[in-house]
Amino acid sequence: MHTTSWHSVSMTLDECIKCNICTSYCPVAAVTDKFPGPKYAGPQAQRFRESGQITSPDVWVDYCSACRVCNEVCPSGVKIAEINARAKAQIVHERGIPLRNWFFGRNEILGRIGNLAPQIANLGFHNPVSRLMAEKILGVARHAPIPHWSTEGNFRAWFARREKLRAEKKVAYFHGCSTNYYEPAVGKAAVAVLEHLGYEVVLPPQNCCALPMLNNGEFPAAEKLFRSNLKKLAPYVDRGLPIVGTSTSCVLVLREEATEMLDLENAQTQALKAGMWDISEWLRERLEQGELPTDFRELQMVVPYHVSCQARAHRMGRPGLDVLMLIPGLDVREGNAKCCGLAGTYGYKAEKYDIAMQVGEDAFRFVRAQGEGVRYVTADSEICRWQLEHGTQKLGRHPVEILAAAYGLYDLDRRQLLAEMK
Amino acid sequence: MPKIETDLLVIGGGATGVGVAWDAALRGFRTVLVEKRDLTHGTTGRYHGLLHSGGRYVVKDPHSAEECIRENRILRKTHAHCIEDTGGFFVVTPEDVNAYPDQFQAACKNLGIPCEEISLRAALQREPLMNPRAARVFVVPDGAADSFQATHSTAQAAQIAGAQILNYHEVVALIPAEGDPARVVGARVRDVARGEDVEIRAALTINAAGAWAGVIARTAGVTVNVIPGKGTMLAANHRLINTVLNRCKMPDDGDIIVPIHTVTVIGTTDEKVQDPEHLTIEPWEVELLLREGDKLIPGISQARFVRAWAGVRPLYQEHYAGASRDATRDFVVLDHAARDGVAGLLTIIGGKWTTFRLMAEKTVDKACEQLGARKPCSTAETPVPGVEHGHYWLGHRLREVEQNHLQSELVCECELVTRAMLENAARNNPTLTLDDLRRDVRLGMGPCQGGFCTYRAAGILHELQVQNSQSKIQDPNTWHVADLQSPARNAKLEIGNWKLGVGTPNLLLRDFLQERWKGLLPILWGRQLKQERLDELIYLALMNADHLPDEDAVSPMSDFYSRRGISTTADTEARDA
Ligand SMILES: Cc1cc2nc3c(=O)[nH]c(=O)nc-3n(C[C@H](O)[C@H](O)[C@H](O)COP(=O)(O)OP(=O)(O)OC[C@H]3O[C@@H](n4cnc5c(N)ncnc54)[C@H](O)[C@@H]3O)c2cc1C
Ligand code: SF4
Ligand code: SF4
């Protein structure tokens, strides 16, 4: 299927010096012997896969969660997770996509459908009977933390209704599917913070970033989505508007994951890469430029900060932490768990749910260790927040929500803008 | 001195000699084969890996071409498991646009070599890294062939038919008949592993020592002028192509790229050398191969290379003195009785790996003439053990490791060699060094070039040795190779003792590291250099391999491994000065 070029990620297998560092870090290989580890499934196995092969020799790559921890620790620059993703795509190409994974790939459509009548959708899907059926029929893990549809309308509708700040300085916002359909509050908090900085927020047309499809090996469909976003975002990139995103994993896909996996590197993707920001990263940049207001209220609490593997993969340090640490009274504690386990759509799969929970145990333990009094946990990726909520019964919040609360704009508990509560 | 009596003594454990032993045994001759090192240690184990379709010789040497296509069809049946059906392209690169391609096409047609011209688009779809500026592309039935496995399987077949295959047995001199110096009656042979001499008496001695054939013949006072044509090859770390790529032009240096097993091999050069034993790789050869390789696969010169090696062509042409590239690839059977008045001796020389079976057939035909006819040749219809596994495909080891959950059993992770494969190779075939196991199961042939498997393998052999001392030694001269390549089948094999186990683990380790190092030096840059730095840290910094106990111990191979395999610019300057 995908042809090889010298730029293909699979070529990075040549960088491997067999040191096994990745093997000792892979959170999945540590808890299951269904997956042999990054070196074995990645650069090593890749030498036994022909580019035009008729059948894939191995299927264990399916157990790679795509957390990219291996890429991060590899001293040689092997793009192991992407090699695995491409091997998965080859398998899908040969054998077709399981119905469940097809659905996972289309979470945007699910979001849109549920959004039509969210109460009914929530009731219909989030009850023990239908979850059990979904597990039996589709293989969707019955206990996995599938989000609820937002019952107060989607984010874009809210944005369209409200009165916007008009300003010279503009910033474009990429909300992603989860904010639009499941957690509009994150988007509201982001808009409030951006406006508080004096920026006019514009909302480009956009679609699903394609992460679920990439993770499930549906490359041709993922390529369509990515190209569509590329086209929709191009005018903003061309105008030099920074595009900030609250879903760090969507941002990662748009910046580099899609181009690397799909072998699409060109001037346009380069420009998008330069124009996209994780919102915390962008806020930290404002801080460094002396543009970040510091009119914070005190927030007296302990908040465990789980570093999402997707955030790590950006190689941008810990901007969320850098910004939250400005808030007086706030005691942010950085965890060092490698991955929450859920990793995209991984932990939603019945056969992988237990693995995901075992992987997540490190993160859960870290959160629990911060004391009984902890109410909120924070992480840059919604997936991690949902998994942490599921594993620790704390409330998950995006760093920008905490920031909005500290600016006095947002009720962290009820997830509402104070201006809208009056 | 122990004595062995036989009908035929075959000298040389390359493809040709082993083929002769197989054919002879099938025809009912009592046959003994001696090889001074391991089977395929000579040219056969240092070749390019191409099962010729004949396309390469079609214009220049049509007779060879015809033999190639005929043998190609036969070997696909008798040695199917040693062959990958890659197919081959003849690519007309921008440099090759001239009258040759048309001649090539016509000649293929003439000789019945299937040759189909395909569009550049179709060619690039199949081989995306191929030169996109190619003018024309022809498809021929080339293949990739594993000469280690093919020769081992043939040896097993020979042995089943009754032949005795003795490796690490070096001919010291041919023995003249008492009172009749014009008759050879066998050879004095040194059992190098045990350090003792053996006399082998034979009605007919067949010299199949390849590039060394002249040295053997000389001990009987016969002159055979072998032109040793050295050829160097480079292996890139993984498969960049899955089809053999040939330039469509008169055969020259660096114009073939073969995908074989997990690597991509560019070759070859062709240079007359003095001594087949001391091959050095010159910097200009490496440069030339990279430069020429870029014409078929632009960018290949920047790929990671894991190894360089050289083999020497056993070219023979009576009274020929030209360039070795232009010497014929034909083979000849020299009947020294007719040619030199020395009876009891035949020499088989020249040819290609692809034609080894035919060479054996012609040689044994000649033996039949001299010793009285036996059965007709049956090798073309007799599959060798292992053939039941079908053609080789790249993914098979990976699939078997996964399906049988053998990942924790891997000794050589790069080439997916399990512990059972290694042990069975040592237990079923005479094994003196880890390099012998490399030829059996590909130990240490991947990117790390022995970095992670050498110490493991040495330790495992040590354990075998300890077990050996507790039970009785088996016949060291049997071969069992049909299942060695398969991680899955080895897990179930019945096992015995390590055969020929002599070295200490430290010696095994040092020898293998030295052997691997030899082929690394010529390509030591970039990513492979990074790898070797890690390997160096493992062995020299962590294990102190330079100062292990029994520092003075040597094996029969130690000297060979520690000879420099590369000539440096400084050497060349010193020589020219
Ligand atoms: C660079 C190169 C690339 C090639 N590529 C191809 C290719 O792609 N396809 C193809 O079909 N052909 C190829 N060939 C040709 C092919 O490899 C050879 O023709 C073939 O391997 C020769 O086999 P052999 O058995 O005659 O010689 P060898 O394999 O050299 O066997 C001779 C054996 O005799 C042994 N010997 C020497 N002295 C003694 C002694 N005193 N006592 C006992 N044993 C002794 C040696 O150790 C050696 O093992 C290539 C050759 C070269 C050099
Ligand atoms: S991406 Fe994560 S799960 Fe996959 S191999 Fe790498 S570390 Fe392991
Ligand atoms: S960490 Fe990188 S170099 Fe080391 S084994 Fe893994 S992929 Fe290879």
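Things worth noting here:
- Any hit, the range B:178-188, residues being within 13 Å of ligand 1 (Cβ to nearest atom), surrounded by fewer than 19 Cβ atoms within 10 Å (Cβ to Cβ), among the basic types (Lys, Arg) and away from chain A (no Cβ under 14 Å): yes
- When the range B:372-416 is filtered for residues that are among the basic types (Lys, Arg) and within 14 Å of another protein chain (Cβ to nearest Cβ), the ones remaining, listed by number, are B:Arg397, B:Arg399.
Okay, residues lined up against (1) crowded, with 22+ Cβ neighbours inside 10 Å; (2) in contact with a helix residue (DSSP H, G or I) (Cβ under 7 Å, 6 or more places away or on another chain):
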position	(1), (2)
B:Ala343	no, yes
B:Gly351	yes, yes
B:Gly390	no, yes
B:Gly395	no, no
B:Asn404	no, yes
B:Asn429	yes, yes
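- Checked against (1) in a loop (DSSP other than H, G, I, E, B); (2) touching a residue at least 60 places away in the same chain (Cβ under 8 Å); (3) open to solvent by 10 Å² or more (accessible area, probe 1.4 Å), B:Asp197 passes all but a single condition, namely (1).
- Residue count, the range A:122-159 (criterion: touching a residue at least 12 places away in the same chain (Cβ under 8 Å), of a type in the set (A, V, I, L, M, F, W, C) and part of a helix (DSSP H, G or I)): 5
- The set of residues in the range B:507-533 that are within 12 Å of chain A (Cβ to nearest Cβ), crowded, with 18+ Cβ neighbours inside 10 Å and not basic (Lys, Arg) comprises B:Gln528, B:Gln531, B:Glu532.
- Evaluation of A:Thr345 against (1) of a type in the set (Val, Ile, Thr); (2) in contact with a strand residue (DSSP E or B) (Cβ under 8 Å, 6 or more places away or on another chain); (3) open to solvent by 10 Å² or more (accessible area, probe 1.4 Å) (one fails), failing number: (2)
- Of all the listed residues (A:Arg106, A:Arg142, A:Arg131), the sole one being more than 16 Å from ligand 2 (Cβ to nearest atom), of a type in the set (Lys, Arg) and within 19 Å of the chain's Cα centre (by Cα) is A:Arg106.
- Residues that are of a type in the set (Gly, Ala, Ser), within 12 Å of ligand 3 (Cβ to nearest atom) and in contact (Cβ under 8 Å) with a residue 40 or more places away in the chain within the range A:20-77 comprise A:Ala41, A:Gly42, A:Ala45, A:Ser76, A:Gly77, listed in sequence order.
- When each of B:Asp38, B:Asp23 is tested for being more than 20 Å from B:Cys368 (Cα to Cα) and open to solvent by less than 20 Å² (accessible area, probe 1.4 Å), the lone residue that passes is B:Asp38.
- Within the range B:13-46, being of a type outside the set (A, V, I, L, M, F, W, C) and within 17 Å of B:Asp330 (Cβ to Cβ) holds for B:Thr16, B:Gly19, B:Thr43.
Each row is one residue, and each column tells you yes or no for (1) away from chain A (no Cβ under 14 Å); (2) among the hydroxyl-bearing types (Ser, Thr, Tyr); (3) touching a Gly at 6+ places or on another chain (Cβ under 8 Å); (4) crowded, with 23+ Cβ neighbours inside 10 Å.
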residue	(1), (2), (3), (4)
B:Gly88	yes, no, yes, yes
B:Val97	yes, no, no, no
B:Gln103	yes, no, no, no
B:Lys109	yes, no, no, no
B:Glu117	yes, no, no, no
B:Gln125	no, no, no, no
B:Pro128	no, no, no, no
B:Pro132	no, no, no, no
B:Ala135	yes, no, no, no
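- Pair list, Cβ under 7 Å, 6 or more apart: the range B:226-248 residue more than 14 Å from chain A (Cβ to nearest Cβ), other residue surrounded by fewer than 24 Cβ atoms within 10 Å (Cβ to Cβ) and among the aromatic types (Phe, Trp, Tyr): B:Ile227/B:Tyr320; B:Met233/B:Trp309; B:Cys248/B:Tyr100; B:Cys248/B:Phe138
- Checking each residue in the range B:521-577 for being over 25 Å from the mean Cα position of the chain (by Cα), at pLDDT below 95 and outside any helix (DSSP H, G or I) picks out B:Met543, B:Asn544, B:Leu548, B:Pro549, B:Asp550, B:Glu551, B:Asp552, B:Ala553, B:Thr568, B:Ala577.
- Flag for B:Thr347 being open to solvent by less than 20 Å² (accessible area, probe 1.4 Å), modelled with pLDDT of 95 or more and within 27 Å of B:Glu285 (Cα to Cα): no
- Taking the listed residues B:Glu35, B:Glu117, B:Glu71, B:Glu84, the one that is under 28 Å from A:Ile54 (Cα atoms) and not assigned by TED's automatic domain parsing to the domain that holds B:Ala235 is B:Glu71, with no other qualifying.
- Number of residues in the range A:350-379 that are under 28 Å from A:His175 (Cβ atoms) and in contact with a strand residue (DSSP E or B) (Cβ under 7 Å, 6 or more places away or on another chain) equals 8.
- B:Ile260 being out of contact with any helix residue (DSSP H, G or I) (no Cβ under 7 Å at 6 or more places or on another chain), under 29 Å from B:Pro101 (Cβ atoms), β-branched (Val, Ile, Thr) and within 12 Å of ligand 1 (Cβ to nearest atom): yes
- Looking across the range A:59-71, not a single residue is away from ligand 2 (no atom under 11 Å from the Cβ) and buried (at least 21 other Cβ atoms within 10 Å of the Cβ).
- Each residue in the range A:1-54 was checked for being of a type in the set (D, E, K, R) and more than 9 Å from every other protein chain (Cβ to nearest Cβ), and 1 of them qualify.
- Some residue of the range A:73-92 being open to solvent by 10 Å² or more (accessible area, probe 1.4 Å), away from chain B (no Cβ under 14 Å) and more than 16 Å from ligand 2 (Cβ to nearest atom): yes
- Condition check for A:Arg227: charged (D, E, K, R), over 18 Å from the mean Cα position of the chain (by Cα) and part of a helix (DSSP H, G or I): yes
The values are calculated or read from the model by the stated rules, or taken from the named source; none is laboratory data. Given the structure is predicted, the values throughout are model-derived calculations rather than measurements. Positions of Cβ are backbone-derived with ideal geometry, glycine not excepted, and every protein chain shown enters the neighbour counts. Surface accessibility is based on the protein's heavy atoms, side chains included, excluding ligands, DNA and RNA. Shrake-Rupley method; radii C 1.70, N 1.55, O 1.52, S 1.80 Å.
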